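Every number in this text was worked out from the coordinates using simple rules, so none of it is lab data. Here the structure is a predicted model, which is why all the values come from computation and not from measurement. Backbone-built Cβ (ideal geometry, glycine too); neighbour counts: all protein chains shown.
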Amino acid sequence: MATATKRLPASERRRQILAAAREVYGHRGAEDPSVDDLAAAAGISKPILYRHFPSKRELYLAVLEDHLADLIRRLWVGLSGSADPRERLRGALQAYFEFVEERPDGYRMLVEAGPRMDPGTRERLGTAWDTLADGVARTVGDILRGAGLDPTGAPVYARALVGMAQGVAEWWTRTRRMPREALADYLLALTWRGFDGLPRNPTPFRPAQATG
């Protein structure tokens, strides 16, 4: 005789399903697990799973958004941890690499999610990354203003820094060539040297005029 599933409050059951799905998706990717796999990992029947998540896609998106919310929370803590803009930038980089190490399943999902998503979900994820980059851009702008430099390029520099961090994280997760704590220091040193090389009185950007 099958063992009856223990009744839990809806919020607790949802957390249980999310925790099991995080592990399944972290190991098997977005498209491999079946609803049977996900229900079995949570120790429940499919009808109970569907009671909380109408489809496998909804459960996948809930897991993805859970990881993204954790990353955003960590980055905001890093970006608000000091009055010194340089230390805020260091804090954000350290927070990102801590997320990569402590939640490798979430990191893999966020990196691999784009190509597997429908256009609407890709746009939602892209908007979230833009929000993160905008937070970094505000800090970069403070750094530039404090150094007497033009902050106009801060959104570009911030996205370049985010891209570098993502590339370094991908390399580091494969090789572990150095301690995680060193990654933020090296990226910050490179970024700082780049800011030092910016012109003090840059020529304003003017779009090229169309020729008839």
Fill in the blank from the handout: Ranked by GNM mean-square fluctuation in the chain (Cα springs under 10 Å), the top entry among D36, D105, D142 is D36
Exercise for the section: Can you pull the one-decimal nm distance between simple spin-label points at D185 and R57, each 7 Å off the Cα toward Cβ? Expected result: 4.7
Fill in the blank from the handout: Those GluC sites (Glu not before Pro) from the range 1-110 that are DSSP loop and have at most 11 other Cβ neighbours within 10 Å turn out to be E31
Exercise for the section: For E102 paired with I48, estimate the spin-label separation in nm (one decimal), with each label point 7 Å from Cα along the Cα-to-Cβ line. Expected result: 3.0
Practice task
Sorted from largest down, give the three principal axis spans of the alpha carbons of the chain, whole angstrom values.
Solution key: 78, 52, 32
Practice task
Subtract the Cα-Cα distance of E87 and D130 from 0.36 nm times their separation in residues, and report this length gain in nm to one decimal.
Solution key: 13.3 nm
Practice task
Could you give the DSSP H helices of the chain that reach 24 angstrom or more along their long axis (alpha carbon positions) and whose average Kyte-Doolittle hydropathy is no lower than -0.5?
Solution key: 56-79, 119-146, 154-175, 180-196
